[in-house]
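S.K.: After the structure tokens below, expect a handful of questions from me.
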């Protein structure tokens, strides 16, 4: 990792960091002149953002450069709260899907993530010790109802963690959550037939038992299931989440005529949350286009970034957000689904996903690139998009994160 000691550093977009002029500055960092988008505050305008003691201290039209120790020049950039991705797999080296958190999350503008079931009750201690406690990305988890977590399924072994339903242990799941409530925010179950077999509803009932016991949301991975989606929805409750909403293959939210199932609309009206969970096989352009024409939109936009999609088609959360801008959502709407909505769906600590004064000093800076760009879904279908978000810099708790493309700056 490169370190610089000069006054101004050019970033990839480019971006500059300047030394402030005050001997005793009021703020440690000033992010100046960017277009700030914060759905919590209904804010979408050019503003300066000042950080002090790791918290957002002030947002204003103009804050003097002399009041800050460092100035991050963001003119022409998009400035948002640090993004929250509620579906990733970062149990690197243990779960076959796992990837390193930092180069794929915080380096890409995502300061907070929810690992969606990589670990179960038996494997969560390792996730906590070797990932949560040591990476720069702020990692939370959904606990897999299977005690072994996602330790079996891979391209070389297509059999998942619930084929033997005896691994689904609601009592041990609830006990593990109670012991780790500061980091576990819900229960996760994968219901695809090669993972849960023909007893998917029985496994879902056990996951329901665990979620009810701890009074936390249940996230259900749908698509390719033995049971029909309406039967699965019968076991879900308001505040629960289905992920892989726009999956192209069987078991998705559309009927044979491309119409959204009435049971899906009814469940959403009653408080069920729809999550994207793009992944390697769970997002189809055609499904999303059809559903959104019928006014069915995701509550949260997540990447499901992992070992087998990080080099395409997912790449990162910013690329997934760009796809939904192409589908007709505004910049403000996609940022809402990666900041405010995730924070409301799961019990993240107060102060994440917003730039309100007093909140955590997590900030993401993006370039909104204009042009013609080909982006692919999970079934190798492409669309030409004309705008895409490119991560430029990330600030976590008031400190600029450095990566291969975003240097650490020592002034």
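Every number in this text was worked out from the coordinates using simple rules, so none of it is lab data. Keep in mind the model is a prediction, meaning the values are calculated, not measured. Positions of Cβ are generated from backbone atoms using ideal geometry, with glycine treated the same way; all protein chains shown enter the neighbour counts.
S.K.: Helix 317-326 versus the longest principal axis of the chain: what angle, 0 to 90°, nearest 10, using Cα atoms?
M.R.: That helix lies at roughly 80 degrees to the long axis.
S.K.: Same structure, new question: Hey, can you rank 167-173, 343-349, 105-111 by average C-beta count inside 10 Å, highest first?
M.R.: Going from most to least packed, we get 105-111, 167-173, 343-349.
S.K.: Taking Cα atoms, how many degrees apart are the long axis of helix 200-214 and the longest axis of the chain, rounded to 10 and kept between 0 and 90?
M.R.: It works out to around 50 degrees.
S.K.: Once you have a ≥ b ≥ c as the square roots of the Cα gyration tensor eigenvalues for the stretch 114-266, tell me rounded if a/c is under 1.5, and otherwise prolate or oblate according to whether a/b is larger than b/c. List each step's numbers first, then the result.
M.R.: Details: a/c = 1.72, a/b = 1.57, b/c = 1.10.
The shape class here is prolate.
S.K.: Here's something else I'd like to know. With springs only between Cα atoms under 10 Å, which of 353, 120, 33 fluctuates most in a Gaussian network model of the chain?
M.R.: Maximum fluctuation in the GNM of the chain, among the listed residues, is at 33.
S.K.: Pulled fully out, how much extra length does the chain show between residue 171 and residue 130, if you take 0.36 nm times their separation in residues and subtract their Cα-Cα distance? Show your work: numbers first, answer last.
M.R.: Working: separation 41, 0.36 × 41 = 14.76 nm, distance 2.48 nm.
Stretched out fully, the residue 171 to residue 130 stretch lengthens by 12.3 nm.
S.K.: Can you show me the helix-derived [θ] at 222 nm for the chain, built from DSSP H runs with n ≥ 4 at -39,500 (n - 2.57) apiece and divided by the number of residues, rounded to the nearest 500.
M.R.: Numbers: 11 runs with 81 residues, N = 411.
-5000 deg cm²/dmol, from helical runs alone.
S.K.: Same structure, new question: So how do 41-49, 391-399 stack up, highest first, on mean other-Cβ count within 10 Å?
M.R.: Values: 41-49: 17.4, 391-399: 22.3.
In descending order of packing, they fall as 391-399, 41-49.
S.K.: List 249, 161, 178 from most exposed to least, where exposure is judged by having the fewest other Cβ atoms within 10 Å.
M.R.: Numbers: 249 15, 161 25, 178 11.
With the fewest neighbours first, 249, 161, 178 line up as 178, 249, 161.
S.K.: Once you've got the GNM for the chain with C-alpha springs shorter than 10 Å, pick whichever of 247, 138, 383 has the biggest mean-square fluctuation.
M.R.: Looking only at 247, 138, 383, the biggest GNM fluctuation is shown by 383.
S.K.: So, one more: With r as the distance between the Cβ atoms of residue 66 and residue 237 and R0 = 51 Å, compute the FRET efficiency 1/(1 + (r/R0)^6) and round to 0.05.
M.R.: On the way: r = 54 Å, r/R0 = 1.05.
The pair residue 237/residue 66 has a calculated efficiency of 0.45.
S.K.: Which of 31, 222, 384 moves the most in a Gaussian network model of the chain with Cα springs under 10 Å?
M.R.: In this elastic network of the chain, the residue with the biggest mean-square fluctuation among 31, 222, 384 is 384.
S.K.: While we're looking at this one, here's another question. Any idea how far the Cα center of the stretch 120-165 sits from the one of the stretch 264-282, in Å?
M.R.: Between the Cα centre of the stretch 120-165 and that of the stretch 264-282, the gap is 22 Å.
S.K.: Still on this structure, please answer the following. Once the Cα atoms of helix 170-179 and of the chain are each reduced to a long axis, what angle between those two axes, in degrees from 0 to 90 to the nearest 10, is obtained?
M.R.: So the inclination is approximately 20 degrees.
S.K.: How far is the Cα center of the stretch 34-51 from the Cα center of the stretch 322-336, in Å?
M.R.: About 17 Å separates the Cα centre of the stretch 34-51 from the one of the stretch 322-336.
S.K.: Between the stretch 190-243 and the stretch 53-76, what is the C-alpha centre distance in whole Å?
M.R.: 46
S.K.: Using alpha-carbon pairs under 8 Å, 6+ residues apart, how would you state the relative contact order of the stretch 83-345 in percent?
M.R.: Working: 584 pairs, mean separation 43.8, N = 263.
Dividing the mean separation by the residue count of the stretch 83-345 yields 17 percent.
S.K.: Output the antiparallel fraction of DSSP beta bridges having both residues in the stretch 83-345, as a percent to the nearest 5.
M.R.: 10
S.K.: If we restrict to alpha carbons, what Rg and Dmax does the chain come to, in Å?
M.R.: Reported Rg and Dmax, both Å: 21.1, 68.
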